[in-house]
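A short worksheet on the structure shown next.
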Amino acid sequence: MALSPRLEGLRTYARERTGSFYERDYWISLGRREHAAAPEPLQTALAFAYFCDHVTVNLRPEELIVGEVPRRGEPMPLPPDAPPANPPVHRLAEARFQPWERATLEAHAHSAGIMTGHMQPDHPRVLTEGLLSMIATAQAYQNQTPKADSARQRFYQAAILAMRAAIRYAERHAELAERLAGEDPEHREDLLEIARICRRVPAYPAQTFREALQATWFMHFLLAAETGSGHGCFCPGRVDRFWWPYYQRDLAEGRLTRDQALELIEAFFVKMNDWRADDVPATIIVGGTDAQGNEFTNDLTFLCLEASREVHMVNPSVHLAVSEKTSDRVLEAACDTLLRGDGYPAMFNDELILAGLARAGVAKEDAVEYVPCACVEITVGGKTNAWVASGYVNLAKALELALWEGVDPGTGLRAGLETPPLEELDTFEKLYDAVKAQIRYLVMAHLSVYEKLQEAQKQRPFPLLSCLIRDCLERGRNIGDGDQAARYVFTEPEAVGTVNVADSLAALRKLVYEENVFTLAEVREALAADFAGREAMRLRLLNDAPKFGNDDDYVDRFVVELTDLWQHLILSARSVLGGNYLPGYLAWVMHAVLGEHTGALPDGRKAGTPLADCLGPAQGRDRNGPTAVVGSLSKLDLRDALGAVVHNFRFDPKVLSGESRPRFIHFLRTLFAQGGAQAQINVVSPEVLREAQRHPERYRDLVVRVAGFSALFVPLGEKLQEEIIARTTYERV
């Protein structure tokens, strides 16, 4: 079903908007100045309330979901005495970095940052209780809290202020709609319906499907605004579950048809691109299983897949949980959506993830509500303080450091351990031990830096968000208080370049230590020169040694051992926030960023080029077809890799069509049965991508899957474009 003219207009409007959400920092900053004398977290809550009362409110009568992110072409000038909108916690952490930690960061051996987001808030609670009821709950908890416990008393005061501000923000839309209704007879009924809905939600429980979607959007926007000027990768999450009662009731009572429900979902999806049309991902996930192990699929599962196909925009990032009980009908619908070319839905191995969450101590009834937040990082919907997508460790840099005695050849900094000089690495085992020692050192450095960042971020309150992550409200604690507040706390560092290290080790073992084709000194000399004058050597390293993704135990063993080492090191750590460190392999864009600062490698990769994409074969090195890739992946134990696993595949569209489709569905089932964690599928050919490079004006809507997320192809930098083009295209399974 094609988009209605109304939805076409809404999508065009969203795509053509320009500017940024400058108003957020402006009003929050002025709010902090207005309430400078208030202690935290009251100052943050009052500043947020100031924002809710002053930010520009705009709506158009044709909108089905209102609450526009106001965008301007340039920042709004602040008075000289206005404080920063957000506390400078990153600078506080950086001031504590030790020289050895700074050296690892400057060498791009790892990357770390602070960001609260990447989680699904407890939208179902808002829909079923309403904020007024939650305010009453907070007041009851406050009354039970001893007056002497000033920290909890202030927490509840701030929470109540923030929830009341959220209600006022919605009521401002009702007031505007009522005023416009008096000025616009043609759209009077539509505007009065908007006003009625905004008077009801999120203050009261949602009663209709449209109210449920509107309440979800209001809270999605306001939680993001509390955090920053982007959407913070907050995720609506399991919408086919918590929207279902409203859809079912409206259908039964004749208030809604299936086509009307689809149009509402499409309007919600368009609205999720309000910050900007090429934004980072915000996730929904459908399908999977329930706590009893039964397949969870309903009509909303199919409607969300159809809406994604028709809206054809970057957000939301649509995912599908796939279990052995998932019906072929669901996978058929997934294929239809994949053929649109956006890379949606990404598919997740339900059994593997649930097993991993059980090992992480998550209760079964909570685990089935998991959400791959933002890109593909696993969290528990509405119950997790997630620290994801801020920590990346460059394992390829560890290999470099092992070859240069702990000194980064790019910067000259001692960024690693002082491992033995080259002449002492006279056996492969000694070289391998040096690489593993450098990995341990970089992990230690990364976790040390990350602890300081988390300690600093604990000082920043989030009054509204803390109401929507269990069990912060019940415990009277800010979400930053770690496992003293949220039910689950996940910190999820990502390993980048794992496969490059494995391919390099295989090449060195074979061509240096076993066949004596080159000496280690000759290889290091060639790496230092980026293979200038040594192209023959590069081609032998690239082509004459086994590469991961071809079901070859010679090289696959190194990926097994490296992932085991990485996962052991991360799982053995304990966050200063409490909770679990969970290892992952998401690259996002960091395989290009860190690759830019990584020299040539013994796998034949040239200096400055992107590292391997996540945990799949390096670009173009999988030569034996997709079943061989599954063979390599099946050797890995990825149950604990909840931090994120990405398996990228590019197929010719014909593989997902016609008589080939059942074989493709069988391939997906085999991948997951063999322990594959995830699958994201591109069906856009290299020829189309090249044409988009030559004529970007013709392809401004072209969406591709990158490394855990989808993005508009044209705005991507040349290195990422080339990395995507270089991936293998499979013409059969």
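Miscellaneous remarks
- All distinct Cα pairs of the stretch 426-489 go into the 1/r average, and the inverse of that average, the Kirkwood radius, is 14.2 Å.
- Relative to one another, the C-alpha centroids of the stretch 175-204 and the stretch 251-294 are positioned 23 Å apart.
- Taking all Cα pairs closer than 8 Å and separated by 6 or more residues, the relative contact order of the stretch 576-733 comes to 29 percent.
- Heavy-atom accessible area ranking, 1.4 Å probe, most first, across Lys547, Lys635: Lys635, Lys547
- In sequence order, calculated HN-Hα J values of the stretch 219-233 (Karplus, 6.51, -1.76, 1.60; Hz; x Gly/Pro): 5, 4, 5, 5, 5, 5, 5, 4, 8, x, 8, x, 8, x, 6
- Cβ-Cβ FRET estimate between Glu515 and His90, R0 fixed at 56 Å, reported to 0.05: 0.70
- Under-5 Å amide H pairs with Thr491, H placed in peptide plane, nonlocal only: Trp387, Asn580, Tyr581, Leu582
- Take the Cα of Asp433, step 7 Å toward its Cβ, do the same at Arg574, and the gap between the two points is 3.1 nm.
- Whole-Hz ³J(HN,Hα) from phi, Karplus 6.51 cos²θ - 1.76 cosθ + 1.60, for the stretch 302-317, glycine and proline x: 6, 5, 5, 5, 5, 4, 4, 5, 7, 6, 6, 10, 5, 10, x, 7
- When each of Lys383/Lys452; Lys325/Lys364; Lys397/Lys430; Lys271/Lys654; Lys397/Lys436 is checked by Cα-Cα distance, pairs over 21 Å: Lys383/Lys452; Lys271/Lys654
- Between the stretch 558-620 and the stretch 685-733, the alpha-carbon centres lie 23 Å apart.
- Cα convex hull of the stretch 224-372, projected area averaged across orientations, nm²: 9.7
- Mean projected area of the Cα convex hull of the stretch 223-311, taken over all directions, amounts to 6.9 nm².
- For the stretch 186-310, the relative contact order works out to 25 percent when only alpha carbon pairs closer than 8 Å and six or more residues apart are counted.
- The convex hull drawn around the Cα atoms of the stretch 447-520, when projected onto a plane and averaged over every direction, covers 7.4 nm².
- Sequence-separation-based contact order of the chain, relative, with Cα cut under 8 Å and 6+ spacing, percent: 15
- Annotation for the stretch 1-52 versus the stretch 57-91: alpha-carbon center distance of 4 Å.
- For Leu192 and Gln693, the FRET efficiency from 1/(1 + (r/R0)^6), where r spans their Cβ atoms and R0 equals 45 Å, is about 0.35.
- Pair-distance profile P(r), taking every C-alpha pair of the chain, with 20 angstrom steps and integer %: 17, 50, 28, 4, 0
- Degrees separating the helix 42-54 axis from the principal Cα axis of the chain, which is the longest one: 70
- Summarised as an ellipsoid, the stretch 376-476 has semi-axes of 41, 14, 10 Å, derived from the eigenvalues of the Cα gyration tensor scaled by 5 and square-rooted, with the largest first.
- Taking only the alpha carbons of the stretch 1-92, we obtain Rg and Dmax values of 17.2, 56 Å in that order.
- Taking 25 °C and 0.890 mPa s as conditions, the stretch 509-604 diffuses translationally at an estimated 153 µm²/s according to Stokes-Einstein applied to its Kirkwood radius (Cα pairs).
- Simple label model, 7 Å out from Cα along Cβ direction - Ala628 to Gln207, nm: 6.3
- Per-peptide packing, taken as the mean over residues of other Cβ atoms within 10 Å, places 235-244, 419-428, 3-12, 645-654 in the sequence 235-244, 645-654, 3-12, 419-428 from highest down.
- Computed with every protein chain present, the accessible area of Arg154 is close to 80 Å² [probe 1.4 Å].
- Listed residues Asp530, Asp408 arranged by accessible area, highest first, probe 1.4 Å: Asp530, Asp408
- For the stretch 617-733, the fraction of C-alpha pairs more than 20 angstrom apart is 45%.
- If the chain linking Glu535 and Arg340 were pulled fully straight, counting 0.36 nm for each residue of separation and taking away their Cα-Cα distance, it would gain 66.2 nm.
- Scaled against 2.2 N^0.38 Å for its residue count N, the alpha carbon radius of gyration of the stretch 323-446 is 1.56.
- Protection proxy ranking, highest mean first, for peptides 374-383, 163-172: 374-383, 163-172, where packing is the per-residue count of other beta-carbon atoms within 10 Å, averaged.
- With the simple model of a label 7 Å out from the Cα in the direction of the Cβ, Glu455 to Asp637 spans 3.4 nm.
- Per-pair calculated FRET efficiency, R0 = 35 Å: Tyr22 and Asn298 via Cβ, rounded to 0.05: 0.30
- The string of couplings for the stretch 249-266 from the Karplus curve (6.51, -1.76, 1.60, θ = phi - 60°) is 5, 5, 5, 5, 9, x, 7, 8, 9, 4, 5, 5, 5, 4, 5, 5, 5, 4 Hz, one whole number per residue in order, with x for Gly and Pro.
- Rounded to whole Å, the principal axis extents of the Cα atoms in the stretch 100-203 read 69, 45, 22, largest first.
- Under 5 Å, built H, 5+ apart or other chain: amide partners of Val703: Phe713
- Difference of contour (0.36 nm per residue) and Cα-Cα distance, Glu183 to Arg255: 23.2 nm
- 5 angstrom amide H check on Tyr370, placed H, neighbours 5+ away: Gly381
The values are calculated or read from the model by the stated rules, or taken from the named source; none is laboratory data. In this text, all values refer to a predicted model and were calculated from it rather than measured experimentally. Glycine gets a Cβ as well: all are built from the backbone with ideal geometry, and neighbour counts include every protein chain shown. Just the protein is used for accessible areas: all its heavy atoms, side chains included, with ligands, DNA and RNA removed. Shrake-Rupley method; radii C 1.70, N 1.55, O 1.52, S 1.80 Å.
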